[in-house]
Structure formats: structure tokens, C-alpha cells
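Colleague: Sharing a structure with you now.
Only the coordinates and a few stated rules stand behind these numbers; no lab work does. The structure displayed is predicted, hence computed values, not measured ones. Every residue, glycine as well, gets a Cβ built from its backbone with ideal geometry; the counts of neighbours run over all protein chains shown.
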Amino acid sequence: MVPYAKEGDYAVSTNIFFKIGIGDVLVFRSPVDGTLLIKRVKKLEPTDGGSRFFMEGDNRMRSTDSNSFGSIERKSVLGKVIFIARGNRGR
């Protein structure tokens with residue numbers, strides 16, 4: 001799959017009244033080091049306190065995602081990506 005966003009792109013996201021579903025692209029804090037990541041929801045994992053989300057990058061061979069750090073909690077999600085603007089990639 002072609003990556004949705006690449007280094008240098010700008011992501012526009014919303015954090016107002018959104019539901020999360022499989023295939024949605026989210027901005028969230030890495031549970032490892034707190035950096036911002038943009039990944040796609042692969043699986044929903046219901047829990048007693050809400051949901052956890054299994055996140056995968058579009059470039060699975062080079063992505064740091066839930067395959068390495070596990071599913072994320074809802075509180076880690078900062079927003080749902082609604083638009084990607086292509087940035088200046090070294091031009």
C-alpha cells in the first residue's frame with residue numbers, strides 16, 4: 001500500500017465528536033516515547049473501560065506501530081486525520 005502520509009507532509013485532524021473505526025487514520029502519542037505518530041486503525045479491541053486500537057503503518061516493513069508496541073488506549077489519540085497536504089519534500 002502507498003503510504004498515506006510521508007515525511008514533510010502536513011496532516012489536518014479533528015478532535016471534536018468523532019467515532020473511530022477500522023481504516024481510520026489517527027494522530028496519537030507513541031506509548032514508547034510520546035512522539036506523534038500517524039497510523040491506520042487495523043483492529044478495535046473492546047475493553048471494560050472503552051476501546052483499545054491496534055494501529056499499523058501503511059508501509060508495514062518500515063513502520064513502528066502496534067506490531068512493536070501493542071495496541072493504544074483511547075486517551076492516547078489526539079485526533080482523526082481528515083486531510084493530508086503534501087509538503088515540500090526536499091525541493
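Colleague: Starting with the highest mean, order 8-18, 59-69 by the number of other Cβ atoms within 10 Å, averaged over the residues of each peptide. The partial results should precede the final answer.
Modeller: Details: 8-18: 11.6, 59-69: 13.2.
For the peptides 8-18, 59-69, the packing ranking is 59-69, 8-18.
Colleague: Still on this structure, I have one more. Please compute the length gained on full extension between Ile16 and Asp48, using 0.36 nm multiplied by the number of residues separating them and subtracting their Cα-Cα distance. List each step's numbers first, then the result.
Modeller: Numbers: separation 32, 0.36 × 32 = 11.52 nm, distance 2.32 nm.
So the extension gain works out to 9.2 nm.
Colleague: Now, a different point. Residue by residue through the range 34-50, what is 3J(HN,Hα) from phi via Karplus (6.51 cos²θ - 1.76 cosθ + 1.60, θ = phi - 60°)? Round to whole Hz and write x for glycine and proline.
Modeller: Each residue of the range 34-50 in turn: x, 5, 7, 10, 10, 9, 9, 6, 9, 9, 9, 10, x, 10, 4, x, x Hz.
Colleague: Quick check for you: which residues of the range 51-90 have the amide N under 11 Å from the point 7 Å beyond the Cα of Thr35 toward its beta carbon?
Modeller: Within reach of a label on Thr35: 64-65.
Colleague: Separate question: Using amide H atoms built in the peptide plane, which far-off residues or other-chain residues are under 5 Å from Arg52 H to H?
Modeller: Under 5 Å from the amide H of Arg52: Glu45, Thr47.
Colleague: For the range 10-85, with only Lys/Arg (+1) and Asp/Glu (-1) charged at the beta-carbon, what is the dipole magnitude about the Cα centre, in debye rounded to 20? Please list the in-between numbers first.
Modeller: Values: 12 positive and 8 negative charges, 22 e Å.
Around 100 debye, computed over the range 10-85.
Colleague: Which three semi-axes in whole Å describe the equivalent ellipsoid of the chain, each the square root of 5 times a Cα gyration tensor eigenvalue, listed largest first?
Modeller: Details: eigenvalues 98, 46, 27 Å².
The three semi-axes for the chain are 22, 15, 12 Å.
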